[in-house]
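The values are calculated or read from the model by the stated rules, or taken from the named source; none is laboratory data. A quick note: this is a predicted structure, and the numbers were derived from the prediction, not measured. Here the Cβ positions follow ideal geometry from the backbone for every residue, glycine too, while neighbour counts run over all protein chains shown.
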Amino acid sequence: MFLFSASGAVHFLKSLCRCKKIFLAALFYGAFMIYSSEAFCSLPGTVAAGNAGGVKVRRVLGIDPGLANTGFGVIDCCMNKYRMVSYGVIETSGGSTLGERLKVVYSRIQAVIDEFKPEEACMEGLFFARNVTSAINVAEAKGVVTLCLAQNSVPLKEYKPNQIKKAVTGTAAADKELVQKYVQILLNLESRPKPDHAADALACAICHLHYV
C-alpha cells in the first residue's frame with residue numbers, strides 16, 4: 001500500500017490527469033498515426049513519393065506563408081503512419097524591394113518542389129488581422145506560393161489556424177508550444193521543430209492528412 005502526504009497526493013492526481021490527456025489524445029488520433037519505421041523501410045528519405053513495396057506513399061508539402069519568413073514542411077504518409085522528410089524557413093531581407101523578396105519566396109518554393117516532388121500541398125489561410133500592412137504582405141507571399149504550386153500542378157488546400165490546432169492537438173485553443181509538442185510526438189522527432197514558421201508548416205501538413 002502506498003502512503004501520500006497531502007501535497008504528494010495532489011501531485012499524483014495531476015500526473016494521472018496528464019496521463020489521461022495523453023491517452024485520450026492517442027485515442028483521438030489512433031496510435032497508428034505515429035511514425036513507424038516499418039512502413040517506410042524501403043522508401044528513400046528525400047526522393048519522390050511513390051510506391052514503397054507496393055504500398056502507396058502520400059507526400060504532402062505544408063506551407064506557412066509570409067513575406068519575411070515562409071515556413072515549409074514535407075511529410076510522408078504511408079499506411080496511416082507519418083514521417084517527417086524535411087522542413088525549414090525561407091527568409092527574405094527587409095532591405096530588398098518587394099519584388100525581389102517575392103521572387104526569393106517563389107524560387108525557393110520551386111526548389112523545394114523540385115527536390116521533394118510533393119503530390120499535394122496545403123497552406124494556412126489568411127485570417128482577420130489588426131495590422132493591415134502585415135496582412136497584405138502575407139497575402140502577397142501567399143499569392144506567389146499559390147502560383148508556383150499551380151504551375152507545377154500541385155493541388156492546394158487551405159486551412160484556418162483553428163482547424164490546424166484542433167487537428168494536431170485536439171483543441172482549437174492550443175498555443176504554439178502545445179502545437180509544437182504534438183508535432184514532435186506525431187512525427188517522432190528528437191526535439192520540437194524550430195523555428196515557429198517551420199513547425200506551423202509541419203502542423204498544417206498533419207492537418208491536411210487528418211482531413212483528406
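Listed values, structure above:
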| item | result |
| --- | --- |
| Filter result for residue 109 (in contact (Cβ under 8 Å) with a residue 40 or more places away in the chain, touching a Leu at 6+ places or on another chain (Cβ under 8 Å) and under 16 Å from residue 82 (Cα atoms)) | no |
| Among (1) more than 24 Å from residue 182 (Cβ to Cβ); (2) modelled with pLDDT of 95 or more; (3) in contact with a helix residue (DSSP H, G or I) (Cβ under 9 Å, 6 or more places away or on another chain), the one test that residue 94 misses | (2) |
| Within the stretch 79-189, helices (runs of 4 or more DSSP H) holding 2 or more residues that are touching a Gly at 6+ places or on another chain (Cβ under 6 Å) | 132-151 |
| Every residue from the stretch 61-78 that is part of a strand (DSSP E or B) and in contact (Cβ under 8 Å) with a residue 40 or more places away in the chain | 61, 62, 63, 64, 69, 70, 71, 72, 73, 74, 75, 77 |
| Evaluation of residue 169 against (1) under 22 Å from residue 112 (Cβ atoms); (2) within 13 Å of the chain's Cα centre (by Cα); (3) crowded, with 20+ Cβ neighbours inside 10 Å (one fails), failing number | (1) |
| Which numbered condition residue 92 fails, given (1) in contact with a Ser or Thr (Cβ under 9 Å, 6 or more places away or on another chain); (2) of a type in the set (S, T, N, Q); (3) closer than 17 Å to residue 151 by Cβ | (3) |
| Single residue of the stretch 190-212 satisfying the filter (assigned to a loop (DSSP other than H, G, I, E, B) and among the charged types (D, E, K, R)) that is surrounded by the fewest Cβ atoms within 10 Å (Cβ to Cβ) | 190 |
